[in-house]
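Comments concern the structure below.
The values are calculated or read from the model by the stated rules, or taken from the named source; none is laboratory data. The structure displayed is predicted, hence computed values, not measured ones. Cβ: placed from backbone, ideal geometry, glycine included. Neighbour counts: every protein chain shown. Accessible surface areas use protein heavy atoms only, side chains included; no ligands, DNA or RNA. Shrake-Rupley method; radii C 1.70, N 1.55, O 1.52, S 1.80 Å.
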Amino acid sequence: GVTIFLVVGALVVFLYGALLAARRLAKIHKIRLVSTSQPPELTLARGLTWHLFNSHIWSTGQDAAAVIKSELQLLLPGVKIFLDVDDLANIGALEEYISRSQTILFFLSKGYFGSHNCLREVRASLDQRKPLVLVQEGNLEKGETLAALRAECPGHLREAIFDKGWSLTTWHRIEAFQLVSLKVITEALLLCSPAYADETALPLYVPGEAQREHLGFLQPVVLWVSPSNSGAVYLVDELKSKFAADILTVVVDDEAPTRASRKPTHMLLYLNANTWSGERGVRLAEQVKQARADKLTIVMAHENDPARDGCAFDCMFQTTPQELIAGGLYKDLANSCFPGRH
């Protein structure tokens, strides 16, 4: 009786897990062509086995490489992707695996160009004139800037990888940003396939993605921006270009306005490497403390673009006045800002 009970219990748990997995799959939308609103056609040239070969270094790229494969398989059913943990039978046959792949993805993370096997894959891809798609690791703990990656690349390979106009995207850990990168990868591999060989671009979308949503506010917003907040004006200009003036009013002033028509509903706090520096940083800290005392909602934007003095968020805990940290300023999540399509 106990054995039967345990077997039945195990079956119930299994079926429940299978049901949850099926419901998740049903919710996942597939990539579609903008031109037809239909899924793209997946084709392979004769003699090839994989649509995409995922070249990466284990120490810093294995987790991302696995996610890229699994997510592409969900978004693009039927896609065949070479990943070493699944497909590598003989380390001596890397060049053959490359020859049987239609497009090669270089996942550029820390140490990639220092790996003997990665360089074998790079050289084989270039020697065999394979089309490439470049994916840069966005987390600087595992990756490096594009300039640093370029410098580490052997000189005789540099031009063929970085100066030929191959599709390039950055891999982030935020789901909506990952979808942007997955579409870049998908477009690149489709353009190298027989079905789309005559195309130069292939706009794609995923139903329900953030980029296709019409964003707005439930009620008009008055956003206060301090001139002491280094770099904030650049972000404000982007916001103003997206929303009508009757929905979003931006007030740049050294003091929070008190007039009813301009009284702020929110304060913008733009975070980069210079946010808390110098006299402007001291002044901004006082304004933030006053805004929090006045119960004004503070919306934080964390800059990641080095060209705009972006930095890792850990930097904020080293530069922010301790009084603000102790008061719980960073208990609320900051919105990440990245360059390019992200």
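At-a-glance table
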| quantity | calculated |
| --- | --- |
| Residue satisfying all of: in segment 279-318; among the polar types (S, T, N, Q) and more than 31 Å from the chain's Cα centre (by Cα); farthest from Leu146 (Cα to Cα) among these | Gln290 |
| Filter result (of a type in the set (Val, Ile, Thr), surrounded by 14 or more Cβ atoms within 10 Å (Cβ to Cβ) and either at pLDDT 95 or above or part of a loop (DSSP other than H, G, I, E, B) (or both)) within segment 249-279 | Thr265, Thr275 |
| Subset tally (residues that are surrounded by fewer than 17 Cβ atoms within 10 Å (Cβ to Cβ), over 23 Å from the mean Cα position of the chain (by Cα) and part of a loop (DSSP other than H, G, I, E, B)) for segment 319-342 | 2 |
| Residue pairs meeting the criteria (Cβ under 8 Å; at least 6 apart or on separate chains; first of a type in the set (S, T, N, Q), in segment 137-150; second assigned to a helix (DSSP H, G or I)) | Thr145/Pro306 |
| Positions within segment 163-178 being touching a residue at least 40 places away in the same chain (Cβ under 8 Å) and part of a helix (DSSP H, G or I), in sequence order | Phe177, Gln178 |
| Test result for Leu76, closer than 19 Å to Thr186 by Cβ and surrounded by 21 or more Cβ atoms within 10 Å (Cβ to Cβ) | yes |
| Tally of residues being touching a residue at least 60 places away in the same chain (Cβ under 8 Å), open to solvent by less than 30 Å² (accessible area, probe 1.4 Å) and among the hydrophobic types (A, V, I, L, M, F, W, C) across segment 297-318 | 1 |
| Sole exception among (1) in contact with a helix residue (DSSP H, G or I) (Cβ under 7 Å, 6 or more places away or on another chain); (2) of a type outside the set (Asp, Glu); (3) open to solvent by 40 Å² or more (accessible area, probe 1.4 Å) for Ser70, by number | (1) |
| Subset of segment 126-159 [in contact with a strand residue (DSSP E or B) (Cβ under 9 Å, 6 or more places away or on another chain), outside any loop (DSSP other than H, G, I, E, B) and either on the phi > 0 side of the Ramachandran plot or surrounded by fewer than 16 Cβ atoms within 10 Å (Cβ to Cβ) (or both)] | Leu146 |
| Restricting segment 205-221 to residues that are under 25 Å from Asp63 (Cα atoms) and modelled with pLDDT under 95, the residue that is surrounded by the most Cβ atoms within 10 Å (Cβ to Cβ) | Glu209 |
| Matching residues, segment 269-327, being in contact with a strand residue (DSSP E or B) (Cβ under 9 Å, 6 or more places away or on another chain) and among the aliphatic types (A, V, I, L, M) | Leu269, Leu271, Ala273, Leu284, Val288, Ala291, Leu296, Ile298, Val299, Met300, Ala301, Met316 |
| Segment 304-318 - residue that is in a helix (DSSP H, G or I) and within 15 Å of Asn229 (Cβ to Cβ) and, of those, modelled with the lowest pLDDT | Arg308 |
| Some residue of segment 80-93 being open to solvent by less than 10 Å² (accessible area, probe 1.4 Å), more than 19 Å from Ile161 (Cα to Cα) and either part of a loop (DSSP other than H, G, I, E, B) or of a type in the set (S, T, N, Q) (or both) | yes |
| Selection from segment 189-204 of residues that are open to solvent by less than 10 Å² (accessible area, probe 1.4 Å) and either hydrophobic (A, V, I, L, M, F, W, C) or free of Cβ contacts under 8 Å to residues at least 24 places away in the same chain (or both) | Leu189, Leu190 |
| Which numbered condition Lys110 fails, given (1) open to solvent by 50 Å² or more (accessible area, probe 1.4 Å); (2) within 30 Å of Val206 (Cα to Cα); (3) in contact (Cβ under 8 Å) with a residue 24 or more places away in the chain; (4) not acidic (Asp, Glu) | (2) |
| Pick from segment 33-67, criterion part of a helix (DSSP H, G or I) and free of Cβ contacts under 8 Å to residues at least 40 places away in the same chain, ranking: surrounded by the fewest Cβ atoms within 10 Å (Cβ to Cβ) | Asp63 |
| Where a residue in segment 78-101 is within 18 Å of Trp58 (Cβ to Cβ) and at pLDDT 95 or above and its partner, wherever it lies, is among the hydroxyl-bearing types (Ser, Thr, Tyr) and open to solvent by less than 70 Å² (accessible area, probe 1.4 Å), with Cβ under 6 Å and at least six apart | Phe82/Tyr97; Phe82/Ser101; Ile98/Ser125 |
